[in-house]
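Please read the structure below before turning to the comments.
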Ligand SMILES: *Cc1c(COP(=O)(O)O)cnc(C)c1O
């Protein structure tokens, strides 16, 4: 396997693109080496510009849940393209997708489509503030909610507790209303409510996927919701990653918790740039043109993206692959743990539905601090060995691997072999 064309394009891209990528997660910064350039993908397989084929567990960081270029989605897009690309006016497709989304989330009477997960969350936060008339938002350390200023607070504990910005260019004022709590730790939320009386709500990933996969323990979500109800504060559930992925109705369906405001993205666009936020009528009526909270978008509800979303969600509903995802993830977990044991590598595997994550540590992972005990050097070695053996996983210890319904038994076999070789390599460095 060689990466000559990827290397060449990477160097060429450095001239006019920042780091030759349009999103830093693609840069391979934490695993070393140059990023792969992709030529095409079909089903469970992705092919780079050098012609190397990989089983794809990145899936565009989640959206491609049916695998790449599912024929029903392709057909829907092709049909939509014939009518035009963007109108600056409403189309019937928006109503159709809105109904599918609202039916899936019982707490959602109305939805507004936007163009990314970031936009969905920043609008959801604005809405929580508009509805409650309060400014402060609690977020959990290690949860990612897109790159809006207010939530781009360092996920590391020292900076986080001080609410210092985690990114240059974020003014102190932008994060002064952001409070940080510990995932799976309701007491850390209560402490903020004891200290402040102007908290609009709490935002979280119902299953965290951006510190690696970290699941809510016991009744964390239910108890959090009950507590917030008692305080008159809102629960904002960021299901950009988990929506239609954990379950058709997202993590909320699984944990039987209803968000006040739900944010969506990734899967709902079927690979096109779509995000959404929604809530019950009383809350959504705050949004312009019905109410005084302004939020807009020239390309929002784009007809091609809506067609992809409708086709993806309809097919997903029909396939109902969620039990199968659990089975496949369980198989992968066993393989990862067996191979780690075979070569004496410390490994913890967290998984939830179609999201799975091996951590190179021996510590149970229930929050960001736990996740940070992982040996990222071992992960880098593991990552490259997986790539060299034809398995594309995210180039970071802290990103989830995603499953698609296009995965085959052959893919799992190939992945098993790669894991064996990768664990052996990891054992040699430790
Ligand atoms: C990916 C992600 C976002 C941001 O979505 P973008 O489309 O990248 O802007 C927000 N929240 C969560 C939980 C995510 O996984």
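Results, tabulated for the structure shown:
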quantity	calculated
The stretch 20-93: relative contact order in percent, alpha carbon pairs under 8 Å with at least 6 residues between	18
For the chain, share of DSSP beta bridges that run antiparallel, in % to the nearest 5	55
Binned Cα-Cα distance frequencies in the stretch 316-360 - 5 Å width, integer %	5, 23, 26, 18, 12, 7, 4, 3, 1
Per-selection Kirkwood Rh - the stretch 21-77 (Cα, Å, 1 d.p.)	12.5
DSSP-defined beta bridges in the stretch 71-318 - what % are antiparallel, rounded to 5	35
Residue order, fewest to most surrounding Cβ atoms within 10 angstrom, among 293, 306	293, 306
For the chain: span of alpha carbons on each principal axis (Å, largest first)	57, 54, 46
For the stretch 244-362, diffusion coefficient by Stokes-Einstein and Kirkwood Rh (Cα), 4 °C, 1.567 mPa s, µm²/s	75
Directionally averaged shadow of the stretch 71-318, computed from the convex hull of its alpha-carbon atoms, nm²	13.2
Overall Cα dimensions of the stretch 374-426, principal axis frame, Å, largest first	31, 22, 15
Alpha carbon convex hull of the stretch 298-430, volume per residue in cubic angstrom	143
Antiparallel bridge percentage (DSSP; both residues within the stretch 212-330; nearest 5)	40
MRE, 222 nm, helices only [DSSP H, n ≥ 4, -39500 (n - 2.57), over the chain, to nearest 500]	-12000 deg cm²/dmol
Relative contact order of the stretch 71-318, defined on C-alpha pairs under 8 angstrom at six or more residues apart (%)	30
245, 280 arranged by Cβ crowding within 10 Å, fewest neighbours leading	280, 245
P(r), alpha carbons of the stretch 168-246 - 5 Å bins starting at zero, rounded %	3, 13, 23, 23, 18, 13, 5, 1
Relative contact order %, the chain, counting alpha carbon pairs below 8 Å whose residues are six or more apart	22
Computed Kirkwood radius, in angstrom, where 1/r is averaged over Cα pairs of the stretch 301-378	14.9
Listed peptides 340-348, 66-74 by packing density, highest first (mean Cβ within 10 Å)	66-74, 340-348
Taking 50, 194, 103 and counting other C-beta atoms within 10 Å, the order from fewest to most	194, 103, 50
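Each reported figure results from applying straightforward, stated rules to the coordinates on display, with no laboratory input. In this text, all values refer to a predicted model and were calculated from it rather than measured experimentally. Glycine also receives a Cβ, built like all others from the backbone with ideal geometry; neighbour counts cover every protein chain displayed.
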